[in-house]
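Q: Please see the structure below; I have some questions.
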Amino acid sequence: MIPDPLAAIVLAGGQSRRMRREKSLLPVGGRPLIEAVIEQIRPCFGQIMISAGDKRKFTFLDLPVVEDEAPGQGPLLAILSALRASPRAGNFILACDIPWIHIPFLQTLLAKAPHWEIVVPRYRDGKTEPLFAVYNRSIIPTIERQIEGGDRRISSLFKICRTEFVPMDGQKWFRNLNTLEEYHDYLQSKKQTGS
């Protein structure tokens, strides 16, 4: 069990424009994608919450749902709403469209969390995975100031917060399901591996 101060917050408030349907509810292995994600991370956290624009969609999960204060305004505002609602200092924020999670890599991020305000995976080319990262509630005022200044880029936080970047290259397990093609490719790969 990961130390008590950490919570997991699954972001499920996106508009799924490229998928053209609610991707959090797409069937994977006989259950909704978001449920498959939650079951993988459940052993790692004392608390799991959902961040969503409409809490009614996720009552079947029997978990606390934080409604976005400004639905449809992007992930930074969703993170702000979630951090405000969380009772924990450290919060692992992940998108609902990451179908398979490598738990040892997740545990690497969580182990670093007590020493940093943000812990985020980064590739050699400088790109990051901000929706598979740990954020401390202490950065709430920083996010508020940034949004007031008109900047909604999560990456801007990395420059002004104490941020630890964890190498992401070589993590072939990681994928997002943003389109129907990616979703069907993932289902096909599951069939081929028998997982």
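The values are calculated or read from the model by the stated rules, or taken from the named source; none is laboratory data. Everything numeric in this text was worked out from a predicted model, so none of it was measured. When we count neighbours, we look across all protein chains shown, and the Cβ atoms used for this are built from the backbone with ideal geometry, even at glycine. These area figures cover heavy atoms from the full protein model, side chains too; ligands, DNA and RNA do not enter into them. Shrake-Rupley method; radii C 1.70, N 1.55, O 1.52, S 1.80 Å.
Q: Somewhere in the range 64-87, is a residue within 30 Å of residue 188 (Cβ to Cβ) and modelled with pLDDT of 95 or more?
A: no
Q: Provide a single number: the residues in the range 121-130 that are surrounded by fewer than 20 Cβ atoms within 10 Å (Cβ to Cβ) and assigned to a loop (DSSP other than H, G, I, E, B).
A: Counting residues in the range 121-130 that are surrounded by fewer than 20 Cβ atoms within 10 Å (Cβ to Cβ) and assigned to a loop (DSSP other than H, G, I, E, B) gives 6.
Q: If you check 95, 85, which single one turns out to be among the small types (Gly, Ala, Ser) and under 14 Å from residue 41 (Cα atoms)?
A: Being among the small types (Gly, Ala, Ser) and under 14 Å from residue 41 (Cα atoms) holds for just one of 95, 85, which is 95.
Q: Going residue by residue through the range 66-77, is there one that turns out to be part of a strand (DSSP E or B) and not acidic (Asp, Glu)?
A: To start, the set of residues in the range 66-77 that are part of a strand (DSSP E or B) comprises 66-67.
If we keep only those that are not acidic (Asp, Glu) as well, we get 66.
Yes, that holds for at least one residue.
Table: residues versus (1) open to solvent by 30 Å² or more (accessible area, probe 1.4 Å); (2) in a strand (DSSP E or B).
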site	(1), (2)
133	no, yes
139	no, no
144	yes, no
147	yes, no
159	yes, no
170	yes, no
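Q: Quick one: count up the residues across the range 59-94 that are in contact (Cβ under 8 Å) with a residue 60 or more places away in the chain and in contact with a helix residue (DSSP H, G or I) (Cβ under 8 Å, 6 or more places away or on another chain).
A: From the range 59-94, those in contact (Cβ under 8 Å) with a residue 60 or more places away in the chain are 73-80, 82-83, 86-94; that's our starting set.
Now narrow it down to the ones that are in contact with a helix residue (DSSP H, G or I) (Cβ under 8 Å, 6 or more places away or on another chain): 75-77, 79-80, 83, 86, 88-94.
Count: 14.
Q: Kindly establish whether residue 81 is closer than 24 Å to residue 168 by Cβ, open to solvent by less than 40 Å² (accessible area, probe 1.4 Å) and among the hydroxyl-bearing types (Ser, Thr, Tyr).
A: no
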